[in-house]
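Peer 1: Quick one: this structure, given as structure tokens, is what I'll be asking you about.
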Amino acid sequence: MLTEMVIDGLDVPEDGSARDSAADLLVRVAGGDQRAFAELYDLLSPRVFALILRVLVNRSQSEEVLQEVFLEIWQSAARFAPNRGQGRSWILTIAHRRAVDRVRASQSSTDRDVRVGVRDHADARNVVEEAVEDRLEGSRVVTALSGLPEAQQEALILAYYGGYSQSEIAAMIGAPLGTVKTRMRDGLTRLRSELGVST
């Protein structure tokens, strides 16, 4: 039900020629239009929150990062260039970066705790070790992802963190569906190679 509501609420364009309502709103936000900002928040906050939650897993941290993302959008909307990409992609990229930054900050904190020896019981030690391993693996994926060409990176972020289908991505970025599929396939191949994962 939520997934349908989120997708319906985003009014995903049918083809590449459809207007990018997020970009239109960002241009107005850059001019200080508070009503446009409220519309932008209503339009994209469910999708942005879902992306952040997928990265962080923790709901309260995800809510904090959501607020940070929209504060950054309000402050930096003037940096958005409509001729260089879709508004949704720009916002989801900001959200993904903020979420990754939070993961890295949490990782640093966990690493400090582990070094200091904050592990009293064997069970607690196992939980911390598993959390550290998961976060290290997540960091490896983020690092490998950032090494991909921008087009492949954008397609994979929109698909796996944004939850968009290949058709939706094609419509959002104004590229043929076959191009999106190729970018995703090539990007995944490079990621597997970087991470040493056999196919």
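Peer 1: Identify the residue in segment 55-90 that is surrounded by 14 or more Cβ atoms within 10 Å (Cβ to Cβ), farther than 19 Å from Ile169 by Cα and hydroxyl-bearing (Ser, Thr, Tyr) and, among all such residues, is nearest to the chain's Cα centre (by Cα).
Peer 2: My answer is Ser62.
Peer 1: Among (1) under 19 Å from the mean Cα position of the chain (by Cα); (2) assigned to a helix (DSSP H, G or I), which single condition is Arg192 missing?
Peer 2: In the conditions (1) under 19 Å from the mean Cα position of the chain (by Cα); (2) assigned to a helix (DSSP H, G or I), Arg192 misses (1) alone.
Peer 1: Of everything in segment 176-194, what is touching a helix residue (DSSP H, G or I) at 6+ places or on another chain (Cβ under 8 Å) and under 17 Å from Thr143 (Cβ atoms)? Give them in sequence order.
Peer 2: Gly187, Leu188, Arg190, Leu191, Glu194
Peer 1: So which of Ala170, Ala95, Ala99, Ala151 is surrounded by 12 or more Cβ atoms within 10 Å (Cβ to Cβ), touching a Pro at 6+ places or on another chain (Cβ under 8 Å) and at pLDDT 80 or above?
Peer 2: Answer to the selection: Ala170.
Peer 1: Further, regarding this structure: Can you say whether Gly9 is at pLDDT below 95, over 18 Å from Ile173 (Cβ atoms) and surrounded by 14 or more Cβ atoms within 10 Å (Cβ to Cβ), as far as the supplied structure shows?
Peer 2: yes
Peer 1: So, one more: Scan segment 147-171 for residues that are among the hydroxyl-bearing types (Ser, Thr, Tyr) and assigned to a loop (DSSP other than H, G, I, E, B) and report the count.
Peer 2: Summing the residues that are among the hydroxyl-bearing types (Ser, Thr, Tyr) and assigned to a loop (DSSP other than H, G, I, E, B) in segment 147-171 gives 2.
Peer 1: Go through (1) touching a Gly at 6+ places or on another chain (Cβ under 9 Å); (2) farther than 16 Å from Arg97 by Cα; (3) in a helix (DSSP H, G or I); (4) not charged (D, E, K, R) one by one and return the number of the condition Ala175 breaks.
Peer 2: Of the numbered conditions (1) touching a Gly at 6+ places or on another chain (Cβ under 9 Å); (2) farther than 16 Å from Arg97 by Cα; (3) in a helix (DSSP H, G or I); (4) not charged (D, E, K, R), the odd one out for Ala175 is (3).
Peer 1: While we're on this one: Mind listing just one residue for me: the one in segment 144-172 that is touching a Gly at 6+ places or on another chain (Cβ under 8 Å) and of a type in the set (S, T, N, Q) and, of those, nearest to Ser89 (Cα to Cα)?
Peer 2: Residue satisfying both the conditions and the ranking: Gln153.
The values are calculated or read from the model by the stated rules, or taken from the named source; none is laboratory data. All values derive from a computational prediction rather than experimental measurement. Positions of Cβ are generated from backbone atoms using ideal geometry, with glycine treated the same way; all protein chains shown enter the neighbour counts.
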